[in-house]
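J.: Submitted below is the structure of interest, expressed as structure tokens.
The values are calculated or read from the model by the stated rules, or taken from the named source; none is laboratory data. All values derive from a computational prediction rather than experimental measurement. So basically every Cβ, Gly included, is an ideal-geometry build from the backbone, and we count neighbours across all protein chains shown.
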Amino acid sequence: MPYRLLKNEHTARRGEFCTVHGTVQTPAFMNVATAAAIKGGLSALDLKDIRCQVMLCNTYHLHLRPGDGLVAGLGGLHHFTRWDGPILTDSGGFQVFSLAKLRQITEEGVTFHSHLDGHEIFMGPEESMRIQANLGSTIAMAFDECVENPAQHDYSKASCERTTRWLARCKGELGRLKAEGKAVNPHQLLFGINQGCTFADLRVEHMKRIAEMELDGYAIGGLAVGEPAAEMYRIITAVEPFMPKDKIRYLMGVGTPGNILEGVRRGVDLFDCVMPSRNARHGHLNTWGGVINIKNLKYERDESPIDPQCDCPVCRNFSRAYLRHLFKADELLGMHLAVMHNLYFYNRLMERIRAALDEGSFEAFHDQYVTLLDTRI
């Protein structure tokens, strides 16, 4: 089994996830490299410096460019990017439903138009698996329908049933590709995705159904898309008892440090979000005392690091005054350093969460930081 549960503190879990590309200590945050690059100019070598464990890339974007066939011809994402740790590829489902203005959903899959040039594309479970097999990621995500919130119960129920059928097709197709030697990574893992909008009954029933399919991991999708945080926590709490205890759990697209602490508290092992890099590119930086806006005038002559408690490469070498200058001068270096700091902060947060779980003190750590870290200074 890839996942090994080391210990619990109430519902919170401390574990290890063993893959062909290395072992991930969990809970963990996956650094988002949508088009095989972190926005902000970070390379695979930079990711090592900021303690990244897992890189996340996107099937939809890489299929459009440079093309998954080209990536396969160049040895897969690991060789292409020079990242040697685990890589998770999102299935493309969320992008199909969020970026495509015109789309038609059938039992076979989804016909839509590229957001780049408008050409027509068809993607279904088999197509998503073939693309991800070409990319050679460590973990492939199943193709699912991500329904917008709020949604009608009847439509959400039908969508869950279709997503379950699509999941069975994903599992069959990935198995076929690996058996026929057509997958760049013959050890590629498959995660299923729980859907059901904010309807607890649908979420629980769908989780029960997909848990029977014996996958390598399970994700909760379709949250953090505009609903109140309390609704997200309610759904996680409802679904968690029905998620297999011996499989890794992934909450997709989440979130703030406070969201992560609440997710860990409810039994989640993996997280990803564009928020730390996106916020950094706008000058909003995470610290152990809350979030600062480095563009503020009060930092003009401030020679202290972004966060005196942080030992990232940026805080060890540069001042707030210098970073503020870089942003005001529109220098790309400012964006690069800011993204590096925020991602380091997130990875360091996960290390401290794991240490607290090891020591049996996570609840106290949660209570100390759950509100503080999301507070804007």
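J.: So if I check each of 40, 22, which one is in the same structural domain as residue 91 (by TED's automatic domain parsing) and in contact with a Gly (Cβ under 6 Å, 6 or more places away or on another chain)? Full working, then the answer.
T.: Values: 40 fails: in contact with a Gly (Cβ under 6 Å, 6 or more places away or on another chain).
On inspection, the qualifying residue turns out to be 22.
J.: Taking the residues in the range 251-293 that are over 30 Å from residue 211 (Cα atoms) and basic (Lys, Arg) as candidates, determine which candidate is farthest from the chain's Cα centre (by Cα). Break it down into steps so the answer makes sense when it comes.
T.: So the first thing to find is which residues in the range 251-293 are over 30 Å from residue 211 (Cα atoms), and the list is 276-293.
When the remaining residues are screened for being basic (Lys, Arg), the result is 278, 281.
On the way: 278: 14, 281: 18 Å.
Among those that are over 30 Å from residue 211 (Cα atoms) and basic (Lys, Arg), it is 281.
J.: What strands (runs of 3 or more DSSP E), lying completely within the range 46-131, carry at least 1 residues that are among the aromatic types (Phe, Trp, Tyr) and either assigned by TED's automatic domain parsing to the domain that holds residue 26 or touching a residue at least 24 places away in the same chain (Cβ under 8 Å) (or both)?
T.: Details: elements: 54-58, 87-90, 103-105, 110-113, 120-123.
By residue number, 110-113, 120-123.
J.: Now, a different point. If residue 34 passes every condition in (1) out of contact with any Leu (no Cβ under 7 Å at 6 or more places or on another chain); (2) assigned to a strand (DSSP E or B); (3) closer than 15 Å to residue 273 by Cα but one, which one does it miss?
T.: If we test residue 34 against (1) out of contact with any Leu (no Cβ under 7 Å at 6 or more places or on another chain); (2) assigned to a strand (DSSP E or B); (3) closer than 15 Å to residue 273 by Cα, just (2) comes out false.
J.: Here's another thing I want to ask about it. Checking residue 248 against (1) within 21 Å of residue 3 (Cβ to Cβ); (2) hydrophobic (A, V, I, L, M, F, W, C); (3) within 12 Å of the chain's Cα centre (by Cα), which test does it fail?
T.: (3)
J.: Output the qualifying pairs, or none if there are none: Cβ atoms under 8 angstrom, residues six or more apart or on different chains, first residue in the range 330-354 and under 18 Å from residue 33 (Cα atoms), second residue among the hydroxyl-bearing types (Ser, Thr, Tyr) and not in a helix (DSSP H, G or I).
T.: So the pair list comes out as 345/287.
J.: Continuing with this model, one more query. Which condition number in (1) out of contact with any Gly (no Cβ under 7 Å at 6 or more places or on another chain); (2) in contact (Cβ under 8 Å) with a residue 40 or more places away in the chain; (3) not acidic (Asp, Glu) is the one that residue 224 fails?
T.: Condition not satisfied by residue 224: (1).
J.: Restricting to the range 309-326, name every residue that is buried (at least 21 other Cβ atoms within 10 Å of the Cβ) and closer than 21 Å to residue 37 by Cα.
T.: Taking the range 309-326 and keeping what is buried (at least 21 other Cβ atoms within 10 Å of the Cβ), we get 312, 314-315, 320, 323-324.
Within the range 309-326, 312, 314 meet the criteria.
J.: Moving on. Please specify each residue of the range 265-312 satisfying the condition of being on the phi > 0 side of the Ramachandran plot and touching a Phe, Trp or Tyr at 6+ places or on another chain (Cβ under 7 Å).
T.: 283
J.: Only helices (runs of 4 or more DSSP H) wholly contained in the range 159-266 count here; list those with 3 or more residues that are modelled with pLDDT under 95. Before the answer, list the steps.
T.: On the way: elements: 200-211, 229-239, 257-265.
Counting at least 3 such residues, we get no helices (runs of 4 or more DSSP H) at all.
J.: Condition first: in contact with a Cys (Cβ under 6 Å, 6 or more places away or on another chain) and part of a strand (DSSP E or B). Now tell me which residues in the range 1-31 satisfy that. Talk me through it step by step, then tell me what you get.
T.: Initially, the range 1-31 is screened for residues in contact with a Cys (Cβ under 6 Å, 6 or more places away or on another chain), giving 2, 31.
Hit for the range 1-31 is 31, nothing else.
J.: Just one of the numbered conditions (1) in contact with a strand residue (DSSP E or B) (Cβ under 7 Å, 6 or more places away or on another chain); (2) within 14 Å of residue 221 (Cβ to Cβ); (3) aliphatic (A, V, I, L, M); (4) in contact (Cβ under 8 Å) with a residue 60 or more places away in the chain is not true of residue 147; which one?
T.: In the conditions (1) in contact with a strand residue (DSSP E or B) (Cβ under 7 Å, 6 or more places away or on another chain); (2) within 14 Å of residue 221 (Cβ to Cβ); (3) aliphatic (A, V, I, L, M); (4) in contact (Cβ under 8 Å) with a residue 60 or more places away in the chain, residue 147 misses (1) alone.
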